[in-house]
Amino acid sequence: MSTNTVFLAAQLGDIHRISLREHFLTLDAADRHLRFGSSLNDSAVLNYVDGIDFERDEVYAVTDDAQAILGAVHIAVIGQDAELGLSVLSAVRGQGIGNALFERAVMRLRNRCVREVRVRCLHQNAAMMHLAQKYGMKIHQEGTDREARLELPAATTGTYMLEWLQDRQASYIGNLQDGSRFGQSMLAALPAFPVFPIGPVDHSNLKWRNENTQTTATATGRRPD
Ligand SMILES: CC(C)(COP(=O)(O)OP(=O)(O)OC[C@H]1O[C@@H](n2cnc3c(N)ncnc32)[C@H](O)[C@@H]1OP(=O)(O)O)[C@@H](O)C(=O)NCCC(=O)NCCS
């Protein structure tokens, strides 16, 4: 994959649990610690995947041409409370998959009229800290644990339209992958719609919430507070 590859994240459902299990089980102990806040054993990882509520939450993934999940974002939402959990396989990091998943999740949340999202950032998680700062998230520190929060702009006609286009495109690519091994090359060849065709989020217009808000949604398998 070249660094110019545009990654399209497709929405997953109940039928993808097996692929999700494989994805999370591939993460080593250190990555599980960064992703979940603790080094979950295999059994706990399986419980986490089995516990994902696809009716309430949403999961988007970037897959290879064999439909293996390279990276996934779990968007846990309860009302106005949203949390993201991101993971990319170590072999394919640094190519933009984490960025693509983050941007896709933010657009979904904007279109769901959610106004704030948070991501757990352990202090040693340099890559996630970089992403959080890049997207203008505000970092809250609690001991060695950090939580990054982003207040989201309202949805626009553009974000609704773009999401619709990206979903159609991801679905088309998925159909290609189902039927052939040409999916990934088609993905690279097709013009992809950028996640923010109207430009990245203008962080100067965003307001930050300073108060320690009560939160309940969880993308880490933790029980809600
Ligand atoms: C965090 C994670 C999802 C990033 O995935 P990725 O596919 O490598 O992300 P991308 O390639 O899109 O970009 C990562 C960005 O972080 C930067 N980065 C990567 N490693 C870094 C490091 N050690 N220090 C600082 N920046 C780093 C990259 O240069 C890139 O910067 P850019 O967007 O300005 O170009 C991935 O590292 C991961 O799965 N980690 C384990 C689980 C985890 O930590 N999840 C987050 C908490 S829920």
Could you pull the Rg and Dmax for segment 106-180, using just the Cα atoms, both in Å? 16.4, 50
Hey, what's the Kirkwood Rh for segment 28-126 if you take every pair of different alpha carbons, in angstrom? 14.3
Kindly rank 6-17, 100-111, 63-74 from highest to lowest mean number of other beta carbons found within 10 Å of each residue. 100-111, 63-74, 6-17
Please work out how much length the chain gains when fully extended from Ile78 to Ile139, using 0.36 nm per residue of separation minus the C-alpha to C-alpha distance, in nm with one decimal. 19.8 nm
Percentage relative contact order, segment 1-144, counting C-alpha pairs under 8 Å, at least six apart: 22
Net length gained if the chain between Ser171 and Val6 were fully extended (0.36 nm per residue, minus Cα distance): 57.9 nm
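A short reminder: the numbers here are calculations on the coordinates, not readings from a lab. Just so you know, these numbers come straight off a predicted model, no measurement behind them. For neighbour counting, all protein chains shown are included, and Cβ atoms are generated from backbone atoms with ideal geometry for every residue, glycine included.
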